[in-house]
Amino acid sequence: MAVRFSPLASLVVPLFFYHWCSSFLTPLVFAIESQKNDPSALSKRASEMINLKQYDEALGVLGAALEIDPNHSEAYRQRAYIYRHKCRFDESERDYKKFLELKPKSASAEKELSQLGQAKSAMESAHSYFDSADFAKVLEYIDKIVLVFSPGCTKAKLLKLRALLALKDYSSVISETGYILKQEEDNLEALLLRGRAYYYLSDHDVAMRHYQKGLRLDPEHGELKKAYFGLKNLLKKTKSAEDNLAKGKLRLAVEDYKSALAMDPNHSSYNVNLYLGLCKVLVKLGRGKEAITSCNDALEIDGELLEALSQRGEAKLLVEDWEGAVQDLKEAAQKSPQDMAIREALMRAEKALKMSKRKDWYKILGVSKTASIAEIKRAYKKLALQWHPDKNQDKREEAEAQFREIAAAYEVLGDDDKRARYDRGEDLDEMGMGGGGGGNPFGGQQFTFHFDGGFPGGGFPGGDFHGGGFPGGGFEFNF
């Protein structure tokens with residue numbers, strides 16, 4: 001059977017409930033209202049708020065207490081404590097002095113006032129050390145004095161973070177800004193410093209999010225705008241360099257890499273890759289000296305960067321620093337023995353080093369490596385006449401040595417097969433040439449050199465050399 005309530009009952013029940021609640025709530029409301037006019041009760045309430053670290057709310061309650069009773073000493077002391085905690089030093093000092101006027105013999109208040117003075121002085125010193133770039137001292141004064149006596153001093157914490165950032169302790173900056181942002185999620189300076197820490201760790205996406213959040217709160221914040229647009233332009237210039245490299249526009253890529261590097265010379269974790277990219281492009285362009293400088297810059301940041309080491313070896317090949325190239329490429333090959341490109345470059349470097357230690361027959365004859373056989377013959381005839389020992393009686397030993405060098409050079413370069421082997425860097429010792437080294441290159445054997453038409457004007461003037469005749473159609477000599 002359904003239960004029915006009359007309209008009268010629906011009015012009686014709420015009315016009864018209201019009177020029942022009122023019997024309990026009225027004394028509570030009265031008590032709260034009475035506290036508003038009781039400075040001691042307000043001071044007690046503020047003390048509870050301080051214990052809960054509700055400092056801003058406590059300041060409001062203490063202000064109300066002092067409006068009711070301007071001589072309420074405990075309210076002054078509580079407020080002085082909060083001001084000191086938040087490093088509002090001048091306001092704290094004023095309230096401590098007011099308290100001591102009302103309670104002149106309070107040793108504990110005098111001690112707190114002394115601590116306030118120490119914290120204030122240490123904060124000033126920390127700022128001074130920061131301006132002189134002594135960041136370790138900044139940390140010492142803030143950690144050992146300021147935050148001991150004023151643990152809620154956000155200004156000191158932010159100054160400490162700037163010092164940590166300057167000392168490149170990015171993980172500590174990220175950790176400590178996290179604590180600040182949990183309490184003040186809209187703290188713009190904490191967002192900026194945390195973003196910069198991620199930026200210098202090359203975590204650019206996270207850095208960008210911090211900058212953007214700060215700029216949503218304050219679109220005109222100068223440092224946040226500078227950081228945001230600086231990062232945006234850096235990434236844009238880097239992409240331009242990479243795109244130009246991919247398109248084969250190497251000179252444009254060089255300019256883009258250099259522009260990107262100039263944007264923030266302190267961004268080491270990112271610049272190491274820019275220096276490496278620049279080095280690689282310069283190697284492709286054959287600008288060895290500049291490439292070496294760029295690879296050196298990369299290796300100064302990261303001494304274990306294998307690609308920078310191998311690219312520096314390639315660059316040293318370009319400037320004909322054979323020994324330096326072998327040293328770099330050998331070290332790179334030891335670190336990455338399976339890298340065939342490095343092993344191939346090392347073989348080239350070792351070959352070039354070996355070739356550099358042999359006689360440069362082209363240089364001895366004064367001809368280029370692309371000289372024709374006719375040019376080689378003309379150079380040989382000219383030098384053989386110039387250094388004929390009979391024409392250099394006053395320096396005969398030197399002339400004989402030069403004459404042997406010239407003859408040995410022509411013996412190799414005047415023969416297509418020997419010249420090709422020489423150009424390939426093959427070992428000419430197998431030919432009995434001794435690589436053109438010092439001493440008698442002919443091993444005591446007889447060598448005959450023939451020239452079409454002989455020397456101009458017939459044989460050598462001045463007679464025979466070591467018994468060998470020089471007829472007009474050719475000549476021979478024996479060593």
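Just a few scattered comments:
- Pairs linking a residue in the stretch 337-359 that is farther than 21 Å from residue 306 by Cβ to a residue that is among the charged types (D, E, K, R), with Cβ atoms under 7 Å and 6 or more positions apart or on different chains, are 353/323.
- Contacts under 9 angstrom Cβ, first residue in the stretch 38-57 being on the phi < 0 side of the Ramachandran plot, partner among the aromatic types (Phe, Trp, Tyr) and open to solvent by 50 Å² or more (accessible area, probe 1.4 Å), 6 or more apart: 50/81
- Checking every residue in the stretch 173-183 against the condition of being on the phi < 0 side of the Ramachandran plot, in contact (Cβ under 8 Å) with a residue 40 or more places away in the chain and not hydrophobic (A, V, I, L, M, F, W, C) gives zero matches.
- Residue within the stretch 186-206 that is closer than 26 Å to residue 83 by Cα and assigned to a loop (DSSP other than H, G, I, E, B) present: yes
- Residues of the stretch 283-303 satisfying the condition of being open to solvent by less than 30 Å² (accessible area, probe 1.4 Å) and either closer than 23 Å to residue 233 by Cα or in contact with a Phe, Trp or Tyr (Cβ under 9 Å, 6 or more places away or on another chain) (or both): 294, 295, 298, 299
- Answer from 243, 339, 256, 321 - the residue that is among the acidic types (Asp, Glu) and under 30 Å from residue 165 (Cβ atoms): 256
Every residue, every condition in (1) more than 29 Å from residue 164 (Cβ to Cβ); (2) within 51 Å of the chain's Cα centre (by Cα); (3) at pLDDT 95 or above, yes or no:
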{"residue": "36", "(1), (2), (3)": "yes, no, no"}
{"residue": "39", "(1), (2), (3)": "yes, no, no"}
{"residue": "55", "(1), (2), (3)": "no, yes, no"}
{"residue": "79", "(1), (2), (3)": "yes, yes, yes"}
{"residue": "106", "(1), (2), (3)": "yes, no, no"}
{"residue": "127", "(1), (2), (3)": "no, yes, yes"}
{"residue": "134", "(1), (2), (3)": "no, yes, yes"}
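- Scanning the stretch 280-292 for any residue that is under 16 Å from the mean Cα position of the chain (by Cα) and farther than 20 Å from residue 334 by Cα turns up nothing.
- Residues that are within 14 Å of residue 283 (Cα to Cα) and touching a helix residue (DSSP H, G or I) at 6+ places or on another chain (Cβ under 6 Å) were ranked within the stretch 243-256; the one that is surrounded by the most Cβ atoms within 10 Å (Cβ to Cβ) is 253.
- Odd one out for residue 238 among (1) closer than 19 Å to residue 178 by Cα; (2) within 19 Å of the chain's Cα centre (by Cα); (3) buried (at least 16 other Cβ atoms within 10 Å of the Cβ): (1)
- Residue in the stretch 320-329 that is of a type in the set (A, V, I, L, M, F, W, C) and open to solvent by 30 Å² or more (accessible area, probe 1.4 Å) present: yes
- Screening residue 380 on (1) part of a helix (DSSP H, G or I); (2) within 28 Å of residue 414 (Cα to Cα); (3) open to solvent by 60 Å² or more (accessible area, probe 1.4 Å) shows it passes everything except condition (3).
- Looking only at the stretch 144-154, residues that are surrounded by fewer than 17 Cβ atoms within 10 Å (Cβ to Cβ) and either within 24 Å of residue 200 (Cα to Cα) or small (Gly, Ala, Ser) (or both) come to 2 in all.
The values are calculated or read from the model by the stated rules, or taken from the named source; none is laboratory data. Source: prediction; values computed, not measured. Because the Cβ atoms are built from the backbone with ideal geometry, glycine has one as well, and the counts that use them run over all protein chains shown. Side chains are part of the model used for accessible areas, which takes the heavy atoms of the whole protein and leaves out ligands, DNA and RNA. Shrake-Rupley method; radii C 1.70, N 1.55, O 1.52, S 1.80 Å.
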